[in-house]
Amino acid sequence: MISYAQLTPGRGWRPLRAMLYYAQRLGVASPLGHVLANALAAALSVRHPASGELKGDPILEQLQRDGCAVLPPLLLDEQIAEMLAFLAEREPVGNAALADYKLTDVVNCPHVMELANHPPMLALAGSYLGCAPTISTVGIRWSRPSGETANVQNFHRDPDDWKMVKFFTYLTDVAEGTGPHVFIAGSQREKPPLFARRYSDEEVADKYGEKAFVTIEGRRGTMFLADTSGVHKGAAARKAPRLMLEVGYTLLPVFAFDYRPVKLTRQLADLDPYINRLIVRPHANPNALRSTSPRYMSAT
């Protein structure tokens, strides 16, 4: 869970961050939004090129066409069990419908940062964005059955950055009634509105047709990428709770957030300091972060 920055006048107001945030929103919503985003990605790639850039990759092609793509599993079931055991000892913060774990618990949860920095994942994200990705969000959230419906459980677009893609992993089994992710295929190619808003199911169905709805269900360990500038929602959990990991990759920091990188308390393989700069602090002794990487299922 990353705190929001104060973007309007008042205590803790961040005027420069507010200016950057609203400039980005105006730019993305302009007729030249996609052109400006690609130009920014090209400029960033001069110093921070995408590693292992992919060409002709079927997952990348589906992501570019539809805006979402299911991935081969990267976690073993026993590794998910380790993650759940770790989280069972921590308390999430939230309300009856949604609850998030603290950022320090998320990044130190087994396998989270390894997944976020998994080479195939960085290659897919970098190839989609056009430069080395910035990890701008990392979170683990419960969606719980309740009489409430949170804003993110209605259709919406994420106004996070000029270009973005998010990686999701279900940590519980997800089916109808347990909060599956729903994405409107192709909607990421549209010019987004200047002001964020919510859309009703009926409004979305009338505009795009039922065939555009992509509902992602699956047992725990199901993984997918989505460009959440497109229309999407996490359906409300009605029958059973859903636990999901999310990692956001963008060109720049999300100016709506107040970043305070946290300390890693466990050993793991080297992390790229540029890609991870917003989320974790550099370690005083880089050798202390070296360890044997855990075994993951193949991404190919």
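Tyr199 meets the stated requirement of being in contact (Cβ under 8 Å) with a residue 12 or more places away in the chain and in contact with a Phe, Trp or Tyr (Cβ under 6 Å, 6 or more places away or on another chain). The set of residues in the stretch 111-154 being more than 30 Å from Lys55 (Cα to Cα), surrounded by fewer than 24 Cβ atoms within 10 Å (Cβ to Cβ) and modelled with pLDDT of 95 or more consists of Arg141, Trp142. Taken across the stretch 153-169, residues that are assigned to a strand (DSSP E or B), of a type in the set (Lys, Arg) and touching a Gly at 6+ places or on another chain (Cβ under 6 Å) do occur, with at least one present.
Within the stretch 121-149, which residues are small (Gly, Ala, Ser), assigned to a loop (DSSP other than H, G, I, E, B) and in contact with a Ser or Thr (Cβ under 8 Å, 6 or more places away or on another chain)?
Passing the criteria: Gly130, Ala132.
The criterion of at least 1 residues that are closer than 30 Å to Ala42 by Cα is met, among strands (runs of 3 or more DSSP E) falling completely within the stretch 211-267, by 223-226, 232-234, 242-250.
Based on what the data block shows, is Lys191 charged (D, E, K, R), part of a loop (DSSP other than H, G, I, E, B) and either farther than 21 Å from Pro273 by Cβ or at pLDDT 95 or above (or both)? Steps first, please.
Working: charged (D, E, K, R): yes; part of a loop (DSSP other than H, G, I, E, B): yes; either farther than 21 Å from Pro273 by Cβ or at pLDDT 95 or above (or both): yes.
Criteria met by Lys191.
So is Arg90 surrounded by fewer than 19 Cβ atoms within 10 Å (Cβ to Cβ), of a type in the set (Lys, Arg), touching a helix residue (DSSP H, G or I) at 6+ places or on another chain (Cβ under 7 Å) and at pLDDT 95 or above or not? Answer is yes for this residue. What residue, of Asp105, Asp100, is within 28 Å of Ser3 (Cβ to Cβ), without any contact (Cβ under 8 Å) to a residue 60 or more places away in the chain, crowded, with 16+ Cβ neighbours inside 10 Å and in contact with a Lys or Arg (Cβ under 6 Å, 6 or more places away or on another chain)? Answer to the check: Asp105.
Results for (1) surrounded by fewer than 20 Cβ atoms within 10 Å (Cβ to Cβ); (2) more than 15 Å from Tyr128 (Cα to Cα); (3) touching a helix residue (DSSP H, G or I) at 6+ places or on another chain (Cβ under 6 Å); (4) at pLDDT 95 or above, shown as yes or no for each residue.
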| position | (1), (2), (3), (4) |
| --- | --- |
| Asn38 | yes, no, no, yes |
| Glu53 | yes, no, yes, no |
| Gly56 | yes, no, no, no |
| Asp66 | no, no, no, yes |
| Gln79 | yes, yes, no, yes |
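The values are calculated or read from the model by the stated rules, or taken from the named source; none is laboratory data. All figures in this text were calculated on a predicted structure; none of them were measured in a lab. Reconstructed Cβ throughout: ideal geometry from the backbone, glycine too, with neighbour counts over all protein chains shown.
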